[in-house]
1. Considering only the range 90-108, I want to know if a residue exists there that is surrounded by fewer than 17 Cβ atoms within 10 Å (Cβ to Cβ) and farther than 28 Å from residue 161 by Cα.
2. Scan the range 90-118 for residues that are within 15 Å of the ligand (Cβ to nearest atom), at pLDDT 95 or above and part of a loop (DSSP other than H, G, I, E, B) and report the count.
3. Return the residues of the range 185-202 that are out of contact with any helix residue (DSSP H, G or I) (no Cβ under 6 Å at 6 or more places or on another chain) and either within 27 Å of residue 241 (Cβ to Cβ) or crowded, with 17+ Cβ neighbours inside 10 Å (or both); say none if nothing qualifies.
4. Quickly run through the range 43-53 and pick out the residues that are within 11 Å of the ligand (Cβ to nearest atom) and at pLDDT below 95.
5. How about the range 250-290: which of its residues are assigned to a loop (DSSP other than H, G, I, E, B) and within 13 Å of the ligand (Cβ to nearest atom)?
Ligand SMILES: Cc1cc2nc3c(=O)[nH]c(=O)nc-3n(C[C@H](O)[C@H](O)[C@H](O)COP(=O)(O)OP(=O)(O)OC[C@H]3O[C@@H](n4cnc5c(N)ncnc54)[C@H](O)[C@@H]3O)c2cc1C
């Protein structure tokens, strides 16, 4: 089995195939798995890069049937049954699992590609952290620059990513940078959260959204609902209605589309370029191929599609491994049934919302503790779990954040998804 992508979907498919001793080769452009839900904490100096990444080969030390190939997949030769890799020999397959995730969608907004900071890879998170901290260094050297928007941080998108980034950034400025930059008047620093809809957290209930808005407001975030971003420049953001906001930083949490490989496969694509799949996650016309996770458009059975969440990818990975094992045993196909385990978003210290099955809604400290526990459980590797736990405990009890390094990566690390040197390991 060839698996494109070492994300939540690919890793879980490989683990389940290993249990059946079925040969699998994972191909990823990075030699590590990235735990995307905690990328915003790397960007806001809460965690180290190595805390949210895990080397793929290390995950499968004890599985003789799972192999890894680092490389960028460019396409699939369906006739020869080979995955094509840039500058490398192709990987042959009997079965294929496409689990290449998503990429940022800037919706064609003027200047977004050049000036916005997306948050989709470890390279993105490191680049953003460097930029935020560099803004404070520049402001310290010349406080007049604050008037040009140097310390105004605009976050676009009021979904979980935007809310989490805005809350963490406000906390970083308030709790930590205010002590680092003693001579600066940080009341001039601003975090602005812009959302086109008239509410935050669209997948959550109205009451959870209202709670998130209240907490962000209390923490000094300027929440602008019903506001769109029209254009982005290096030092300015143009909002709907023509309002201009002086800001040197715009963080993009507004939209995603299928990973670009989806378009190179010659298969049917749905909304956001996602690969259309049958109800057992097979790609129509290719019974030996499956698409899972963010890159797949999976019907939810109610006329819509499943959300792009880690659990959808994890459960999809396990399902396709079972399908392949059943195929090899001469068994029949089974539909994929997604088990919704709920959704959570954290707004910052002791503030989160969680919506669980059976209508259970939590908010505040209890939701925050549940969020912390769940993320520790789903992190890969004991070392990462221990490190994240120690970092969080340190941050919580000392009101400090350790990894405030301005580390300029080599020039080619500007490319999204380019491996980041493990500078903080
Ligand atoms: C900032 C952020 C916060 C999030 N927070 C949450 C959350 O709190 N809860 C939640 O459930 N979900 C969250 N998500 C969504 C969740 O991370 C995704 O749904 C999940 O990662 C999807 O898993 P996947 O396996 O489909 O893809 P991914 O995890 O994205 O993995 C795709 C892999 O494919 C590789 N790849 C892509 N293209 C190629 C190519 N051409 N060649 C080789 N390799 C390739 C990539 O390097 C990557 O390793 C968040 C996402 C982001 C970006």
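The values are calculated or read from the model by the stated rules, or taken from the named source; none is laboratory data. This one's a predicted model, so the numbers in the text were calculated from it and none came from an experiment. Backbone-built Cβ (ideal geometry, glycine too); neighbour counts: all protein chains shown.
1. Looking for residues that are surrounded by fewer than 17 Cβ atoms within 10 Å (Cβ to Cβ) and farther than 28 Å from residue 161 by Cα, one finds at least one in the range 90-108, hence yes.
2. Counting residues in the range 90-118 that are within 15 Å of the ligand (Cβ to nearest atom), at pLDDT 95 or above and part of a loop (DSSP other than H, G, I, E, B) gives 6.
3. The answer is 187, 190, 192, 194, 195, 196, 197, 198, 202.
4. 52, 53
5. We begin by selecting, within the range 250-290, every residue assigned to a loop (DSSP other than H, G, I, E, B); these are 253-255, 259, 265-268, 270, 274, 277-281, 284-285.
Within the range 250-290, 253, 254, 255, 259, 265, 274, 277, 281 qualify.
Quick grid of which residues meet (1) assigned to a helix (DSSP H, G or I); (2) within 11 Å of the ligand (Cβ to nearest atom):
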{"residue": "11", "(1), (2)": "yes, yes"}
{"residue": "27", "(1), (2)": "no, yes"}
{"residue": "33", "(1), (2)": "no, yes"}
{"residue": "41", "(1), (2)": "yes, yes"}
{"residue": "63", "(1), (2)": "no, no"}
{"residue": "68", "(1), (2)": "no, no"}
{"residue": "75", "(1), (2)": "no, yes"}
{"residue": "80", "(1), (2)": "no, no"}
{"residue": "84", "(1), (2)": "no, yes"}
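Yes/no per residue for (1) touching a helix residue (DSSP H, G or I) at 6+ places or on another chain (Cβ under 9 Å); (2) surrounded by fewer than 18 Cβ atoms within 10 Å (Cβ to Cβ); (3) in contact (Cβ under 8 Å) with a residue 40 or more places away in the chain:
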site: 8; (1), (2), (3): yes, no, yes
site: 23; (1), (2), (3): yes, yes, yes
site: 31; (1), (2), (3): yes, yes, yes
site: 50; (1), (2), (3): yes, no, yes
site: 75; (1), (2), (3): yes, yes, yes
site: 85; (1), (2), (3): no, no, yes
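Residues are listed down the side, and each one gets a yes or a no for (1) within 20 Å of the chain's Cα centre (by Cα); (2) surrounded by fewer than 19 Cβ atoms within 10 Å (Cβ to Cβ):
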position: 315; (1), (2): yes, no
position: 358; (1), (2): no, yes
position: 369; (1), (2): no, yes
position: 377; (1), (2): yes, yes
